[in-house]
Structure formats: C-alpha cells, structure tokens
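Notes to accompany the following structure.
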Amino acid sequence: MPVHPAGPRLYRSIKFKYLVRGAGSATHARASNISLNLTPFVDMMTILVAFLLMVFSSSKLLQVQAGLDLPIAMAKGKLQDTEAVIVITKSEITFKGEMIATVDSVLRDESPTYRIERLFERLEAAARQIKIDVEMGKIPKELVAACDDLKNNKRPGPDEPLCPDGMAILQADLVTDIRVINKVVVTAKAAGFDNLLFAIKNK
Amino acid sequence: MGAAVGTGEGGGKSVNVELNIVPFIDLMSCLTAFLLVTAAWVNIAQINIQPKGKTRDTSDVQIDDERIVLSVLVQADRIWVGLSRVNEFQEIPKNQDGTQNWEKLETTLKEHKSNLFKDRNDLEIAGESTLTQPVKYQDIIQAMDIALKVECTACPVRKFYDVGLSDPMGLSARPSL
C-alpha cells in the first residue's frame, strides 16, 4: 500500500472561525457561542439524586453477602436494625462477619443437644452485651418503650418495634436445608434470643 | 442561564447575573453515578418469629397443655396441619406439578382460624427434612408468609400474629408417620 504525504486535516488546516461562519449565511457572521438550556437537565438530575438518596437511606441493612439469595415473601414489615446478625450462605454460617461453621459440618453433626456450640458461645456473649447496653440505656429513643414493655412481659404488637434485648436477625439463603435453620434457631433460643427476625426479599 | 436579581431601581445597568452552574452539574453527575452504583434495588423485609415447642435437650413443655395448638409440619412431599390434644390431622399432598399446595394450606388455615382459633393468634410451624428428601428454607418462609396472611375479619383476633418456628420433634401436634 503506497504511503501518501499528509494532506489537510479538519480543524488543523481549516481555522475554526471559517467553520463557524460557514454554518450560517455567507454574508453574516454568527456568534460562535451556542447557549444550551440546562434547566431540564438540572431538574432531572435533582429529582434523580433525591430519589436515589431515599432508596439509599432505606437500605441501611443491606449488607448481604455475595451469593446470598434471600427467600421471597409477601410480608411487609421493615427489617429492624440490631447488632446480632447470623448469616447462612450456601456453604457457611457466619456471625458478625466471623465464620462459625460450614453448612456440611452442621448437617453431619449429630450431637444430642442439637446445638452449634461455637455459635452458642458467640451468641451468648452477644446477648450478654446487648442486655448490658439496654440496661444502661444505650438504645435508640424509639425502642425505650419497647424495652419497658419487655420488662413488664408485655408482648409487642404486630407492627411495633422490638427491643434489641433477645432479638437477632437471620439472613439465610433460600435453598438452605431446614435442618440447619432448626439448629441455628435452637442455638439462638438457648443463648437467650427469643425473637428472631428472618430477613426476606419482597415480591 | 442566569438569575434575575431585582434591584428595585430603574438604573440602566443590567441586573442579570450569570451563575456558573457547571460545578453544580459536575457534583450532581458524580453523586448520581455513586448512588446508582451503591443503591440496593432489593426491598428487604422481615418475618418475626419466636422459637416454639420443645427443644431436644430439655423436657420443658412451653405450651399450655390445656389449650389446643395449631401446628403445621412441612415435609418434602406434603404438608400436615394438625391440632394438638384432639390429634386431628389434615394431609395436604403436593400438586401434580411437584409444587406444594399452598392454596390448600391457606384455605385450611382460614377454616381453623374462623372455627377453633377465633380469639387466638398463635400457631407453630416446623419443617422436617431428611438427607434424601430435603426441605428448603424457602418452603418454611412460604408457609409462614401464608400463616401471617390468613385473615378472619369477623373474628375477635383477625390474624395469626404469633407464628413460631418449632423443631419438628417438638411440635405440639405431630402426625405419627
């Protein structure tokens, strides 16, 4: 293929002022500044940012581990926040980010107590700490009434918030064998967690 | 783009002030991109349950024996709905397509709610899984979801608010298989 010498290039050989003049009439030079109406763009951006901020604020607890598919249900109760979060993925059980046991080992274990001992130790320590925090008043204001009701053995209503004392969240994969869930529930109950919140995905 | 600033005087000087909105647009664009990347589009909710029934390491019976308890046992191939004390059980086999018959479960629970459990809100659910016939967590959640949805508008207590998960061996009404 023959190599030709470099010829004229657009914007290099033709000066910009000629291009702008050429766009309009031949006799009258137009201004090269083109005014864009940015108002609809800014409006759209503002609405989008406001919407995303709302979505962002409502998904505080969405620290779902990679590969964890939550079960799907119609229940609409908003997931409450608490420190004690048990996560069961397809392969392992973790508590507060710490790996406790593999799902296979839990399924193989046939101990008569029907508990996961390592999880029991961690949950018991966490329950103790939460109880101390509640007694010292280190809880959000909106939960004070719920904790007072708990002291008086009054059960909360269906949509009322729960006191963090004795409450844990369970995030488990939808294909988890129910035997693992049963063992975790039995362990949590033995450690003092009488209220379990099952995290679900809305349809 | 500009913003008109009224001076209130009839001077000849232009009162239009040009605002530089480029930094604002830059900021908005960055914020939008960041929020789009970090936002979670899944709405997560909760089902609140209390562990119920007997546990295997204790003989404590936590359910008042004088009361009839409505129990649901989910197995891989069927669902049992039972009443303790009277030992009545209703079997709900799977559909022909291999899925659990959730519609029948809902109807059955509705019937119980409007008859024996008009003024009660408690119910226990258990899942019995074996190595060869596993029951998935999704099935139990589905059963709980249905139990929480069942409503009797003419009853003093309209819904089953107190749904508990039980160990299958500790279920109050367990069919003898």
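Among what's in segment B:86-104 and is free of Cβ contacts under 8 Å to residues at least 24 places away in the same chain, of a type outside the set (D, E, K, R) and surrounded by 11 or more Cβ atoms within 10 Å (Cβ to Cβ), pick the residue that is farthest from residue B:171 (Cα to Cα). Among those that are free of Cβ contacts under 8 Å to residues at least 24 places away in the same chain, of a type outside the set (D, E, K, R) and surrounded by 11 or more Cβ atoms within 10 Å (Cβ to Cβ), it is B:95. In segment A:145-152, the count of residues that are surrounded by 14 or more Cβ atoms within 10 Å (Cβ to Cβ), more than 7 Å from chain B (Cβ to nearest Cβ) and either charged (D, E, K, R) or assigned to a strand (DSSP E or B) (or both) is one or more. The strands (runs of 3 or more DSSP E) found wholly in segment B:66-177 and carrying at least 3 residues that are within 14 Å of chain A (Cβ to nearest Cβ) occupy B:70-74, B:122-127, B:162-166.
I want to confirm something. Restricting to segment A:174-187 and keeping residues that are more than 7 Å from chain B (Cβ to nearest Cβ) and in contact with a strand residue (DSSP E or B) (Cβ under 8 Å, 6 or more places away or on another chain), which single residue is farthest from residue A:67 (Cα to Cα)? Only one residue fits best here, namely A:184.
Quick test for you: out of A:119, A:162, pick the one residue that is assigned to a loop (DSSP other than H, G, I, E, B) and among the aliphatic types (A, V, I, L, M). Before you say what the answer is, go through the steps one by one.
Values: A:119 fails: assigned to a loop (DSSP other than H, G, I, E, B).
Every option except A:162 fails the conditions.
Given the condition on the phi > 0 side of the Ramachandran plot, among the polar types (S, T, N, Q) and assigned by TED's automatic domain parsing to the domain that holds residue B:143, answer yes or no: does some residue in segment B:76-85 qualify? Taking every residue of segment B:76-85 in turn, none turns out to be on the phi > 0 side of the Ramachandran plot, among the polar types (S, T, N, Q) and assigned by TED's automatic domain parsing to the domain that holds residue B:143.
The values are calculated or read from the model by the stated rules, or taken from the named source; none is laboratory data. Fair warning: this is a prediction, and the values are worked out from it, not measured in the lab. Don't worry about glycine lacking a Cβ; one is built from the backbone with ideal geometry, like all the others, and counts go over all protein chains shown.
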